[in-house]
Amino acid sequence: MARQNRHGRNRSRNTVSELRERSEEERRNDDTATGSFPQVHGRTGKRTLKGTSDFRIRASSTILITLMCALLGFGYMTQINSGPSTYETMSEDELVRLINETSTQAQNLEQRKNQLSQQLSSLKAAADQREQAQRIANQNKETSGIISGRLPAQGKGVIITIGKGKDKDVDASTMFTLIEELRNAGAEVISINDVRVVTSTSIWDDEDGGLQCDGIPLTLPYTVRAIGNPSDLQNAVNIAGGIGSRLKVMYGAKVSVKQSDNVQIDATREPSTNNYAKTVE
Amino acid sequence: MMAAVLGLIIGIVVGVFVQPDIPVAIQPYLPIMVVAALDALLGAARAYFERRFSDRVFIISFFANVITATLLVLLGNQLGVGSQLQTAVIVVLGIRIFSNVSAIRRFIFRG
């Protein structure tokens, strides 16, 4: 029994020392110190004593590491997004080269700008010219339209009414003289009854003692409308020994000259095309 | 490890979507800071593979790297050798990054 007991004690001692050796070995194996980094042993006891504090430290260091890595990634992306390198870190040579390049570019752009503005101004001038030409052409069109009788006209002028001659019929030459007198007085547009008087207008006597103007028989009383300076036109007709008195005296016709601020001449004439005449270039 | 990768991803995503105006004062130092931090991160990765990673060491080395690199470049700028000193810092950090990467590679491929 005693022997058995002693034997048992021996065995238990063996087991204890075995366990102790094993744990010693395990501790040695677990040691991660390599000598490169100084290990802080001071707090190991404290750590093992307080589990909550240990957990808190580990959590906070994990969060800190996460934060730092986030900072690194953020800085990296920011630097990538910030584009080309900044000027502060460039050397003098690089800066000089950069300035030269930039100023050359600026010069080129300035030159280009000048060219373009020149072009713009020339285009503007051309547009102005064209506009002016257009304006002149319009003016010409109007003027020539009025002169050639293509357009109706209105303005200040006189309306002359000539009644039937008591002594003899008013003949074409007298009518023609009237028109000439009006023209001399500056009449711009003239019409007789409803016939527009233009450069090619002619008047002649027909067989019954009446008048024809450009092939249209004129009916009495003759109404001559003239646009021009009203008083000048009136004077031209009423002047002593002029056409007005001749009509009255020689033909016994009743002549009235009425000034008007708005003489309307609606009669028009299609301009004839010139077959032979051409403008001199 | 997971924390570092997660943080890196978060930072990159935030950097992609938020594009802040960097203050002019720190503009020339940002690339150096990034490289220094990258070096610290790779050093930490190497330590992790060598099973001697210590979070304190990583945190301190991270900030020390960044601050040292920045101060060095700042000093260089004040002395008029900013670009040269920047190059020097980049070269040194580059060498360190290469050696760290090769150490990591040895650990990975040795199994």
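Restricting attention to segment A:92-145, which residues are within 30 Å of A:Val189 (Cα to Cα) and of a type in the set (Ser, Thr, Tyr)? Before you say what the answer is, go through the steps one by one.
Taking segment A:92-145 first, the residues within 30 Å of A:Val189 (Cα to Cα) are A:131-145.
Selection gives A:Thr143, A:Ser144.
I'd like to check something: does segment A:260-281 contain any residue that is open to solvent by 100 Å² or more (accessible area, probe 1.4 Å), hydrophobic (A, V, I, L, M, F, W, C) and assigned to a loop (DSSP other than H, G, I, E, B)?
So in segment A:260-281, the residues open to solvent by 100 Å² or more (accessible area, probe 1.4 Å) come out as A:261, A:266, A:270, A:273-276, A:278-281.
Among the residues that remain, those that are also hydrophobic (A, V, I, L, M, F, W, C) are: A:280.
Those left that are additionally assigned to a loop (DSSP other than H, G, I, E, B): A:280.
The answer is yes; a qualifying residue exists.
Exactly one of these conditions fails for B:Leu74: (1) facing chain A (nearest Cβ under 9 Å); (2) more than 14 Å from A:Leu64 (Cα to Cα). Give me its number.
(1)
So which residues in segment B:72-89 are over 17 Å from A:Gly75 (Cβ atoms) and out of contact with any Ser or Thr (no Cβ under 9 Å at 6 or more places or on another chain), if there are any at all? Spell out the reasoning first.
Kept after step one, since they are over 17 Å from A:Gly75 (Cβ atoms), are these residues of segment B:72-89: B:72, B:75-85, B:87-88.
Listed by number, the residues that qualify are B:Leu72, B:Leu75, B:Gln78, B:Leu79, B:Gly80, B:Val81, B:Leu85, B:Thr87, B:Ala88.
Please list, ordered by first then second residue, the pairs with beta carbon atoms under 9 Å, 6 or more apart or interchain, first in segment B:91-111 and touching a residue at least 12 places away in the same chain (Cβ under 8 Å) and more than 15 Å from B:Leu72 (Cβ to Cβ), second of a type in the set (D, E, K, R) and open to solvent by 30 Å² or more (accessible area, probe 1.4 Å).
Taking only residues 6 or more apart or on different chains, the pairs are B:Asn100/B:Arg46; B:Val101/B:Arg46; B:Ala103/B:Arg46; B:Ala103/B:Glu50; B:Ile104/B:Arg46; B:Phe107/B:Arg46; B:Phe107/B:Glu50.
Being modelled with pLDDT of 80 or more and either open to solvent by less than 90 Å² (accessible area, probe 1.4 Å) or part of a loop (DSSP other than H, G, I, E, B) (or both): is that true of A:Ser245 here?
Working: modelled with pLDDT of 80 or more: yes; either open to solvent by less than 90 Å² (accessible area, probe 1.4 Å) or part of a loop (DSSP other than H, G, I, E, B) (or both): yes.
Taking the combined requirement at face value, the residue satisfies it.
Whether any residue in segment A:121-135 is hydroxyl-bearing (Ser, Thr, Tyr) and either within 22 Å of A:Ala226 (Cβ to Cβ) or touching a helix residue (DSSP H, G or I) at 6+ places or on another chain (Cβ under 7 Å) (or both) is what I want to check.
Step one: list which residues in segment A:121-135 are hydroxyl-bearing (Ser, Thr, Tyr), which gives A:121-122.
When the remaining residues are screened for being either within 22 Å of A:Ala226 (Cβ to Cβ) or touching a helix residue (DSSP H, G or I) at 6+ places or on another chain (Cβ under 7 Å) (or both), the result is none.
No, every residue in segment A:121-135 fails to be hydroxyl-bearing (Ser, Thr, Tyr) and either within 22 Å of A:Ala226 (Cβ to Cβ) or touching a helix residue (DSSP H, G or I) at 6+ places or on another chain (Cβ under 7 Å) (or both).
Filter segment B:47-71 down to the residues that are open to solvent by 70 Å² or more (accessible area, probe 1.4 Å) and assigned to a helix (DSSP H, G or I), then identify the one that is farthest from A:Leu64 (Cα to Cα).
Start the filter on segment B:47-71 by keeping residues that are open to solvent by 70 Å² or more (accessible area, probe 1.4 Å), which leaves B:48-49, B:51, B:53, B:56, B:60, B:63, B:67-68, B:71.
Still in the running and assigned to a helix (DSSP H, G or I): B:48-49, B:56, B:60, B:63, B:67-68, B:71.
On the way: B:Tyr48: 17, B:Phe49: 20, B:Arg56: 10, B:Ile60: 11, B:Phe63: 11, B:Ile67: 17, B:Thr68: 20, B:Leu71: 23 Å.
Applying the filter and picking the extreme gives B:Leu71.
Sort out which residues of segment B:11-46 are free of Cβ contacts under 8 Å to residues at least 24 places away in the same chain, closer than 23 Å to B:Val73 by Cβ, in a helix (DSSP H, G or I) and at the interface with chain A (Cβ under 8 Å from one of its Cβ atoms), and write them in order of number.
Within segment B:11-46, B:Gly11, B:Gly15, B:Gln27, B:Leu30, B:Pro31, B:Val34 qualify.
Return the pairs, sorted by first residue and then second, in which the second residue is part of a helix (DSSP H, G or I) and aromatic (Phe, Trp, Tyr), the first residue lies in segment A:53-77 and is facing another protein chain (nearest Cβ under 7 Å), the beta carbons are less than 7 Å apart, and the residues are 6+ apart or on different chains.
That search, which allows pairs on different chains as well, returns A:Ile65/B:Phe58; A:Met68/B:Phe62.
Anything in segment A:117-153 that is open to solvent by less than 70 Å² (accessible area, probe 1.4 Å) and in a loop (DSSP other than H, G, I, E, B)? List them, or say none.
The answer is A:Gly149, A:Leu151.
Looking at segment A:269-281 only, could you name the residues that are touching a Gly at 6+ places or on another chain (Cβ under 9 Å) and either at pLDDT 80 or above or among the acidic types (Asp, Glu) (or both)? Break it down into steps so the answer makes sense when it comes.
Step one: list which residues in segment A:269-281 are touching a Gly at 6+ places or on another chain (Cβ under 9 Å), which gives A:269-271.
Of everything in segment A:269-281, just one residue is touching a Gly at 6+ places or on another chain (Cβ under 9 Å) and either at pLDDT 80 or above or among the acidic types (Asp, Glu) (or both), namely A:Glu270.
Of these, A:Lys164, A:Lys156, A:Lys168, which one is open to solvent by 50 Å² or more (accessible area, probe 1.4 Å), within 30 Å of A:Asn262 (Cβ to Cβ), touching a residue at least 24 places away in the same chain (Cβ under 8 Å) and assigned to a loop (DSSP other than H, G, I, E, B)?
The unique qualifying residue is A:Lys164.
Select from segment A:123-146 the residues that are small (Gly, Ala, Ser) and within 28 Å of A:Thr273 (Cα to Cα) and write down the one among them that is nearest to the chain's Cα centre (by Cα). Don't jump to the end; show me each part of the working.
Pass one, segment A:123-146, residues small (Gly, Ala, Ser): A:125-127, A:133, A:137, A:144-145.
Within this subset, residues satisfying the condition of being within 28 Å of A:Thr273 (Cα to Cα) are A:133, A:137, A:144-145.
Working: A:Ala133: 22, A:Ala137: 25, A:Ser144: 35, A:Gly145: 34 Å.
That would be A:Ala133.
Condition test on A:Asp54, is it assigned to a helix (DSSP H, G or I), surrounded by 11 or more Cβ atoms within 10 Å (Cβ to Cβ), among the charged types (D, E, K, R) and modelled with pLDDT of 65 or more? If you could, list the steps in order and put the result at the bottom.
Numbers: assigned to a helix (DSSP H, G or I): yes; surrounded by 11 or more Cβ atoms within 10 Å (Cβ to Cβ): yes; among the charged types (D, E, K, R): yes; modelled with pLDDT of 65 or more: yes.
Answer is yes for this residue.
The values are calculated or read from the model by the stated rules, or taken from the named source; none is laboratory data. What you see is a predicted model, and the numbers here were worked out from it, not measured in a lab. A quick note on method: Cβ atoms are made from the backbone with ideal geometry, for glycine too, and the neighbour counts reach across all protein chains shown. For the accessible areas, the whole protein counts, side chains as well, though only heavy atoms, and no ligand, DNA or RNA atoms are used. Shrake-Rupley method; radii C 1.70, N 1.55, O 1.52, S 1.80 Å.
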